[in-house]
Amino acid sequence: MTARTKKAASHQARTAKAVASVEPVRRGPSRIAGYFDAEGLIVIDRVADRFGVSKAQLADTMGVSPETFHRAARAKAPKTQGRATEMIEIVARVSDWAGGEKQALAWYRAEPLPAFGGRTAESLVKDGKAAAVRDWLDHVATGGFA
C-alpha cells in the first residue's frame, strides 16, 4: 500500500467515524417530543431552555401572562398548553429552513409574512390563526408562492 492510498484510507475511516457519530436530524413529531413530559404536557422549562429565552420572554412570545408560568396549574391549563403546542409545531416546521430552532424562533417572532399582510407568525398564533400559518407553511413547502 502506498503512502497515498494509506492517507486516503485513513481519511475515509475518519469520515465514516464522524458521520456515524452525528446524531440524526429529528423531523416531524419526534422533533417536538422532547418538549413533553410523561403525561403528554409541555414542560415550559424545557421549551425556555431549548430556545435560550427566559420564561417571561417565552410568555410574551406565546401571548400569555408571565405569571402563568409561576403556578403549575396555570402552566398546565388547556389554553397555555394549546398555545405552546401551536408555537412549537410551527417553529419545528421551519427549523430546517431557518437553520435551527433558535433561528426558527426568531423567524416566528419577527419575519413578516406577505400572505398575511406583513403580520408575523407570532401575531397570527396569538390571534388564534395557527391553522392558517400551518396551512401556509404546507403551501410553501410544496412549492407554492410565499
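The values are calculated or read from the model by the stated rules, or taken from the named source; none is laboratory data. As the structure is a computational prediction, the values presented were derived from the model and not from experiment. All Cβ positions, even for glycine, are placed from backbone atoms using ideal geometry, and neighbour counts span all protein chains on display.
Of the numbered criteria (1) more than 16 Å from residue 42 (Cα to Cα); (2) free of Cβ contacts under 8 Å to residues at least 12 places away in the same chain; (3) surrounded by 15 or more Cβ atoms within 10 Å (Cβ to Cβ), the one residue 59 fails is (1). Taking the listed residues 120, 68, the one that is of a type in the set (Ser, Thr, Tyr) and at pLDDT 95 or above is 120, with no other qualifying.
Only a single item in (1) closer than 15 Å to residue 86 by Cα; (2) at pLDDT below 50; (3) of a type in the set (Gly, Ala, Ser) is not met by residue 59, and it is number (2). The stretch 64-146 holds helices (runs of 4 or more DSSP H) entirely within its bounds, and those carrying 3 or more residues that are surrounded by fewer than 14 Cβ atoms within 10 Å (Cβ to Cβ) and without any contact (Cβ under 8 Å) to a residue 40 or more places away in the chain map to 78-98, 130-141. Quick one: how many residues across the stretch 40-63 are among the β-branched types (Val, Ile, Thr), farther than 28 Å from residue 139 by Cβ and assigned to a helix (DSSP H, G or I)? Counting residues in the stretch 40-63 that are among the β-branched types (Val, Ile, Thr), farther than 28 Å from residue 139 by Cβ and assigned to a helix (DSSP H, G or I) gives 1.
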